[in-house]
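For reference, the structure is listed below as structure tokens.
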Amino acid sequence: MTAPSHPRPQRMRTSVPAVLALGSNLGDREATIRAAVADLDAAAGIRVEQLSPLVETPALKLTGVDHHAPAYLNAVVVIDTVLGPHDLLDVVNSVEQRHGRVREERWGDRTLDIDIIDYDGRELDDDRLTLPHPRAWERGFVLAPWHAIRPDARLAGHGPIAVLLAATTDDVRPYPDSGATHDAARAEQFEADEDGGAV
Ligand code: ADP
Ligand code: MG
């Protein structure tokens, strides 16, 4: 077969799925997370496919769990994006800044943190970006809301998130006012945890 003589039309950039985790422990946490999700959906090249239920977790500092710090609200969004991973990080950082994120202490209190958890299963490590997010595999506040909306998801290099979630002992609670439906099995587990006291 001979090659076509006319130039091929430029291919549309195909979108890929990605998973973002949002967290807030200052100000009106729920309003911030919901506004950030709307901002992400409005950003060029990003479509928010699904928002997880909100969960509440005690603050985690470099020194461990800090019950004196305000608790976090966390959520996960599954998006479709035509942006490359670094362009996606630029958008994520600009949404953080729009919501008053101030970078002071590492893992310090913040109005909004958005992390890229997974980008189409890619593994990558450079000075700006590590994929998948290097601590996602052990973070209940990422795995629980992600599992609630994508129970069959896998984390590149780590395997099924259901297995990873089962191994966590983080104190992750459904956020009562979110109005979202929780995954039934996970909700039962939350209740069992509450009956059995702290883990
Ligand atoms: P943390 O999320 O660990 O609390 P920050 O939000 O302050 O910390 O992020 C610090 C830096 O981490 C960012 O400037 C960003 O360049 C880098 N980073 C590396 N990998 C990722 C990722 N997967 N998602 C978001 N940021 C990342
Ligand atoms: Mg971050």
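Read the figures in this text as sums done on the coordinates, not as results from a lab. Since the model is a prediction, treat every value here as computed from it, not as a measurement. When we count neighbours, we look across all protein chains shown, and the Cβ atoms used for this are built from the backbone with ideal geometry, even at glycine.
Proximity of backbone amide H atoms, modeled 1.01 Å from N, is registered between Lys61 and Asp66 at under 5 Å, excluding neighbours fewer than 5 places apart on the same chain. Remark: the stretch 20-35, residue by residue, has Karplus-estimated 3J(HN,Hα) of 10, 10, 10, x, 8, 9, 9, x, 7, 4, 5, 4, 4, 5, 5, 5 Hz, where x stands for each Gly or Pro and the curve is 6.51 cos²θ - 1.76 cosθ + 1.60 at θ = phi - 60°. Of the chymotrypsin sites (Phe, Trp or Tyr not before Pro) found in the stretch 126-181, none is in coil by DSSP with at most 14 other Cβ atoms within 10 Å of its Cβ. Residues whose amide H comes within less than 5 Å of that of Leu155, counting only those at least five positions distant or on another chain, are Ile161 (H built at 1.01 Å from N in the peptide plane). Sequence-distant contacts, meaning Cα pairs under 8 Å at least 6 residues apart, place the relative contact order of the stretch 16-190 at 27 percent. The tail of the calculated P(r) for the stretch 16-190, taken as Cα-Cα distances beyond 27 Å, holds 19 percent of the pairs.
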